[in-house]
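**Student:** Can you read through this structure? Questions will come right after.
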Amino acid sequence: MLRIPCPWCGERDETEFRYRGDASKVRPAADAGLAAFTAYVYERDNHCGWHLEWWLHVGGCRRLLKVVRHTLSHEIHAVGGPEDQLSPPPGLTR
Amino acid sequence: MRAPGRIARGLLTDPDRPVGFRFDGRSMQGLAGDTLAAALLANGQRLVARSFKYHRPRGIVTAGPEEPCALVDVIGVSGREPNRLATTLLLHEGLVAESQNRWPSLRFDVLAVNDLMGRFLPAGFYYKTFMAPGWAWERLYEPLIRRAAGLGRLEAIVGDHAAPAETVHDHADVLVVGAGTAGLAAAHRLGTSGLKVMLADQDVVLGGGSLLDARWSAWRESLCAGLAGLATVRCLPRTTVLGAYGHGVFGALETLSPPEAARFDGLRERLRIIRARRVVCATGALERLIAFPGNDLPGVMLAGAAHQYLRRYGVAVGRRPVFFLNSDEAYEAVFALSGAGIECAVVDVRESSLAAERARALGVEVHGGAVVEGAYGRDGVRAVRVVDVTGRARRELAADCLLMSGGYSPATTLASQLGARLTWQEAIAAFTADLAPAIGQMAGAARGVFGLAAAARDGESAARTLAAQLARPVGAADPGVDLPPDADVTPIAALWEVRGPAKAFVDLQNDVTAADVRLSCREGYEHVEHMKRFTTHGMATDQGRIGGLVGSAVLAQARGVPLWQVGQTRPRPFAQPVPFAALAGGEVREHYRPKRRLPLHDWHEAAGATFVSTGLWLRPLVYSPRQGWEAVLNEARAVRRSVGITDVSTLGKIDVQGPDAARFLDFIYASSFATLAVGRARYGIMLREDGMLLDDGTTSRLAPEHFLVTTTTANATATLEHMEFHLQAVWPRLDVLLTDVGDQWAQFAVAGPRSREVVAAVVAGLELSNEAFPFMAASVATIAGVAGRVFRISFSGELAYELAVPARHALAVWSAVLEAGKRFGIAPYGLDALNTLRIEKGHVTAAELNGNTSADDLGMQRMLKKHGDFIGRALSQRPGLTAPERLQLVGVRPLARAHRLRNGLQLVAPEARTTSLGYVTSSTPSVESDGWVGLALVAGGRRRLGQRLIGTSPVHDEAIEIEIVSPHMLDPENLRVRA
Amino acid sequence: MSAPDSLPMPRATPGIRLASCAVDIVEIAALHGRAPELENIAGARGLDLPVLGRVAVASGQLALGVRPARWLLLARPAHSGATAARWQAACGRAGAAVDLSSGLAAWRLAGPQVRDALARACRLDLDPQVFPAGSAAATVMAQVGVILAVLPSGLLLLTPTSTARHLRAWLASTAKPFGLVSEADVTVGVLSGDRAT
């Protein structure tokens, strides 16, 4: 079970959150065209390593969190709000 | 009536409290404090089970949760419970236990013939032999094999007889697993530093190995008293840590002591979910078996187990034991049994050792440089054949039990789950694990540090490391406590197997022999994980704890590589079998899922409503206890002819405020809201980004920067999350505030041609004429004296109003409406009638908004706004989502008025009856016309208006003629709602 | 050696006392960057809005901070919607005030074994060292959303009204071994410590 350190509420059990997918995907501009929206909605990497993802804290502050999690070890490197630019720890991607 | 095996006073047993119990129908007596295994051994019962595959006679092998053989069924008031471990099952008065896997009786078991056929039943036998024909596996072979193999018998325990259970959430700075000398010392040191500590041990008392050594009593008692006096330490005996789940989360199963169980209404087990910043794995080491011919005969046990039965329960497992061992540590059992006056003989693979010298000095007969070649006897050990390591000198020793010890493997299960890598330690002939500093520390025998004093010092040192890490550094070691010294030892000589012609087991529970492991290797399953799956070695409930490494060693020998290269199989949670009831905890029966109740739940109930669960909600289905459509149609008819009222408080309601509220709603909805005037409501549809419909509902503009969104009941939670996600992730710069007001507002639909007169009677300060308050108008108003809101919206297709008031005033307002409607014969209507009305009108609900439908499918393409961005805009324009052959919403009617429609009825062409063209999504008997009407999704449905299809339900053996009609079966010009 | 806090009290002494609280509840939420204005507005009305994770007590009213730039205000019940309307007017264009008086049920839990009973469902550490007096948090219990706050008179629990009965039934059965009694309703004054019970 993940324990996600919510910047607003503190460390909480995974069960309080709703996973909302890949946070590296940015919604295209309205006129970006079908291909851009198809990529935005359907195309996902399935990699072993650091993953930037959205978690909505529905059981707490109801804020949307950006989380850097390792898909193999589940280690959480960083947590922030939607406006934060988060990146994986340097040199630790695998 | 003294039990023959009871020779001394045990540490845990009370000689003044005899306890009666039954095993396989035989009455026996044990003592309070006994486990079932101890009591059986005291009574001389050595045969306790038949084995899984070969039905060989089996006895008790261990004294703890690692037991592979002594599994029993326990028959209690609530039924039969299989696979309880006799070695941990505490004896209580009236306990009834039965042996497993035998027929007709334990002594005479028909399927023991499997043993004679053993050479034809090697590992992998089933896979190879029962290959063809393919159908026979499921119907013939598997049922036969299942009857022959397997353990206990499962019987469902249902209803009130099911054992209560609960889950408790715990938090600690440090979880210490294992309360041997290492764990006790670590917990004490951490506790005195002020850190919050949980100390969990599977045993009923704390102390681990120190319980077996009288010299350690004073130390143990002083530490336990010290721990009890520390407010920061919680000691949890009887608590097995089941697994590590990452991020410092551990699952543990606590078995309640009898007095506590009584206080908790018979609660037996408690699942603890423990969150800890660090862990100390002081899980000790497990004694290993040795694979030699006959090593599964009843009477062959682990040496340490014999020691435990003597010390803890005062039970001698035999009067003429032969020990077969390879380390000095195992001699502790020899010294204990010999000290109790039992005549022991020792077979030690090593020529000489310090411990052997001490044993000889005590008068014990020690055969150095020898191994046991086989154990013999029918249903129990009678003799042991010993052979010199050179293989020349043989001799037979009379024995009534054989106590083996192949060395000690540090218990690394938990550490492995925590990501630790295993390292081979030649000095102890075992693997050890190291935890990452951010996770915790291994301590004591679990780290390969053997000896009680050495382990205690190791635990202390682990605690210091952690305390420093957690910023609670501790001072120097307590100088006052002198630890009893550990004896000097001669190193172990690794010994895994003594080969011979007969079966030598590496896994006693799954009946896996050393020969099976070699066969696996020959067949190409050389990796230890492949060998595990080929042979099932280590796949039983004991997870191969006493023989796992032995199997690896046999495999290493077969492959011709060192053991460290083969490794061990990866252990997974749970560490021991866990009852499902304990996992379910308190979330069973009425607490299984939350029930959402309407503010007027009690009124509906008093009015005779039959309730239905929709999602989490309990909603009135119909105000009648009777099944059938008559009551439903009466309710619906009242709405069509006069007026009715229904509780629609289950609708999701979201308050949307802020300067960018309208812009935000235009992004969220495919419909436009920026153009909505204050005091007006508008029906809107919402798409997912992939272009499919997500939800629909009406949104009202209460003020220029204040909207109220209603969602469908089914999608209320998902819609709010959808809006919150997009506001924060995609349009964070929009200044909008979303508040869930679903429970705040009760909402009632007053519908029917007389609804205006009824609503006018309860609403103050609002002119309801068509001019002043037209269809889709919305306004705040005082309703029956309560500040509320009135919306002129209609789901039924009739003139209708929805009244919203704060839920705490629901009853007053509802009653006032009923009173005002009395002269029109107002009647409350339930979900069934609501459904009847909306199907006739062609309004969609969750049955049609099913996640696979596009706006075009439901005939709503015109509602997608032409200009501006919104969620789903781009992908809803994909040609595939408007393709003419897609399933489209239509109305359906049976040609014969007497025929009923069913939801799910498949629609087929008369000439192609096996090709589905679509299906009925909703259906109801009609109040507006004769017979049934329904909605359906049909391929190219809009082109088929007027066509006749066949509605077929193979499961009901039905096929009826259907006419495709417009979904707007009632008042297609929408005149009634504007009346 | 059993843990002392898992030993229920004899049933003669109730381990848990539960009282409903008759209160008006208003949620005020600040528009972008307007939280300081809301703090000033509340301050002028005698209420210091607490930081996140805390509850503030003033005469006859309480404020809880469990969501960023949002506060739940508890006050004596007034005529329907009047408290919310007052706050809506006060907030002006700095934010929104939404009436939740009917949306949330408010209970006060008191007694020596409240934390033990809640640990059967609450995943938060309610140890006074970790969650001391004045703390507030939103979390989930028995699959239902709850907001908890530690007040001088006990633990305040807010929960959606539609599932309140479910949570109440859960509490009743879980707290049975500890002894649970229902008390008469309490007022905001009691909650905020103005008057003794």
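**Student:** For the modelled label position 7 Å from the Cα of C:ALA133 along Cα-to-Cβ, which residues of region C:139-161 have backbone nitrogen atoms closer than 11 Å?
**Tutor:** Zone members listed by number: C:151-154.
**Student:** What's the magnitude of the charge dipole for region B:352-427 around its Cα centre, counting Lys and Arg as +1 and Asp and Glu as -1 at the beta-carbon? Answer in Debye, nearest 20.
**Tutor:** That gives a dipole near 80 debye.
**Student:** Once all Cα-Cα distances of region B:906-979 are split into 10 Å bins that start at 0, what whole-number percent is in each one?
**Tutor:** In whole percents, the pair-distance histogram is 18, 48, 26, 7, 1.
**Student:** What would the Debye equation give as log₁₀ I(q)/I(0) for the protein assembly as shown at q = 0.09 Å⁻¹, counting only Cα atoms as equal point scatterers?
**Tutor:** The Debye formula, applied to the Cα set alone, gives -1.19.
**Student:** Starting from the Cα gyration tensor of region C:24-99, take the square roots of the eigenvalues, sort them a ≥ b ≥ c, and report rounded, prolate or oblate (rounded when a/c is under 1.5, otherwise prolate if a/b is larger than b/c, else oblate).
**Tutor:** oblate
**Student:** Oh, and also: Using a Förster distance of 45 angstrom, determine the FRET efficiency expected from the C-beta separation of B:LEU766 and C:ARG45, and round it to 0.05.
**Tutor:** With R0 = 45 Å, the Cβ-Cβ based efficiency is 0.90.
**Student:** What is the spin-label model distance, in nm, from B:ALA218 to A:GLU53 if the labels are put 7 Å beyond Cα along the C-beta direction?
**Tutor:** So the two model labels end up 5.7 nm from each other.
**Student:** Could I ask something else about it? Would you please give the FRET efficiency between B:ARG688 and B:GLU928, computed as 1/(1 + (r/R0)^6) with r the Cβ-Cβ distance and R0 = 41 Å, to the nearest 0.05?
**Tutor:** 0.75
**Student:** Magnitude of the Cβ-charge dipole of region C:61-139, K/R +1 and D/E -1, about the Cα centre, nearest 20 debye?
**Tutor:** Dipole about the Cα centre, nearest 20: 200 debye.
**Student:** Right, here's the next one. Name the longest site-free stretch of chain A, where the excluded sites are GluC sites (Glu not before Pro) in a DSSP loop with no more than 10 other beta-carbon atoms within 10 Å.
**Tutor:** The longest such stretch corresponds to A:1-42.
**Student:** Using every Cα-Cα pair within chain B, state what percent have a distance larger than 47 Å.
**Tutor:** 48
**Student:** I'd like the distance between the alpha-carbon centres of region C:168-187 and region B:609-659, rounded to an integer number of Å.
**Tutor:** Going from one Cα centre to the other spans 32 Å.
**Student:** Need one number: nm distance between label points at B:ARG589 and B:ASN850, each 7 Å from Cα along Cα→Cβ, rounded to one decimal.
**Tutor:** Here the modelled spin labels are 3.7 nm apart.
**Student:** What list do you get for B:PHE673, B:PHE574, B:PHE611 if you sort them by fewest beta carbons within 10 Å?
**Tutor:** Going from sparsest to densest Cβ surroundings: B:PHE574, B:PHE611, B:PHE673.
**Student:** For A:57-70, what's the mean count of beta carbons from other chains sitting within 10 Å of each residue's beta carbon?
**Tutor:** Shielding by partners across A:57-70 averages 5.
**Student:** Next question, about the same structure. Helix B:217-228 versus the longest principal axis of chain B: what is the Cα-based angle in degrees, 0 to 90, to the nearest 10?
**Tutor:** 20
**Student:** Between B:ARG897 and B:ASP482, what length in nm is gained on full extension when 0.36 nm per residue of separation is reduced by their alpha carbon distance?
**Tutor:** 139.8 nm
**Student:** Which whole number gives the average count of other chain Cβ atoms within 10 Å of the Cβ atoms across peptide A:28-36?
**Tutor:** 2
**Student:** Fully extended, how many nm does the chain gain between B:SER613 and B:ARG472 (0.36 nm per residue separation, minus their Cα-Cα distance)?
**Tutor:** Result: 45.4 nm gained on full extension.
**Student:** So if we plug the beta-carbon distance of B:LEU354 and B:SER27 into 1/(1 + (r/R0)^6) with R0 = 41 Å, what FRET efficiency do we get, rounded to 0.05?
**Tutor:** 0.30
**Student:** Taking the alpha-carbon centroid of each part, what is the distance from region B:245-312 to region B:45-105 in angstrom?
**Tutor:** That distance is 17 Å.
**Student:** May I ask which residue of B:GLY940, B:THR915, B:THR882 lies farthest towards the positive end of the charge dipole of region B:879-978, with charges of +1 (Lys, Arg) and -1 (Asp, Glu) on Cβ and the Cα centre as origin?
**Tutor:** B:THR882
**Student:** Now a separate question. Nothing charged except the Cβ atoms of Lys and Arg (+1) and of Asp and Glu (-1): what's the magnitude of the dipole of the protein assembly as shown about its Cα centre? Round to the nearest 20 debye.
**Tutor:** I would put it at about 1200 debye.
**Student:** What does the average come to when, for each residue of peptide B:730-743, you count the partner chain Cβ atoms lying within 10 Å of its Cβ?
**Tutor:** That works out to 5 on average.
**Student:** Quick one: Cα centre-to-centre distance for region B:459-473 and region B:535-583, in angstrom?
**Tutor:** A separation of 33 Å, based on Cα centres.
**Student:** I would also like to ask the following. Going highest first, how would you order B:759-772, B:613-626 by mean Cβ packing within 10 Å?
**Tutor:** Packing proxy ranking, top to bottom: B:613-626, B:759-772.
**Student:** Farthest toward the dipole's positive end in region A:3-80, which of A:HIS70, A:CYS9, A:THR38, given Cβ charges of +1 (Lys, Arg) and -1 (Asp, Glu) about the Cα centre?
**Tutor:** Selected residue: A:CYS9.
**Student:** Per q in 0.16, 0.21, 0.23 Å⁻¹, report the Debye log10 I(q)/I(0) for region B:30-95, using one uniform scatterer on each alpha carbon and no solvent.
**Tutor:** For region B:30-95 at q = 0.16, 0.21, 0.23 Å⁻¹, log10 I(q)/I(0) is -0.51, -0.87, -1.02.
**Student:** Using Stokes-Einstein with the Kirkwood hydrodynamic radius over Cα pairs, what translational diffusion coefficient do you get for region B:653-741 at 10 °C and a viscosity of 1.306 mPa s, in µm²/s rounded to a whole number?
**Tutor:** Diffusion coefficient, whole number: 125 µm²/s.
**Student:** Rounding to the nearest 10 and keeping the result within 0 to 90°, find how far the Cα-based axis of helix B:548-559 lies from the longest principal axis of chain B.
**Tutor:** Tilt of helix B:548-559: around 80 degrees.
The numbers here are math on the coordinates, done by the rules we state, and not lab data. What you see is a predicted model, and the numbers here were worked out from it, not measured in a lab. Cβ sites come from the backbone with ideal geometry, for glycine too, and all protein chains shown count toward neighbours.
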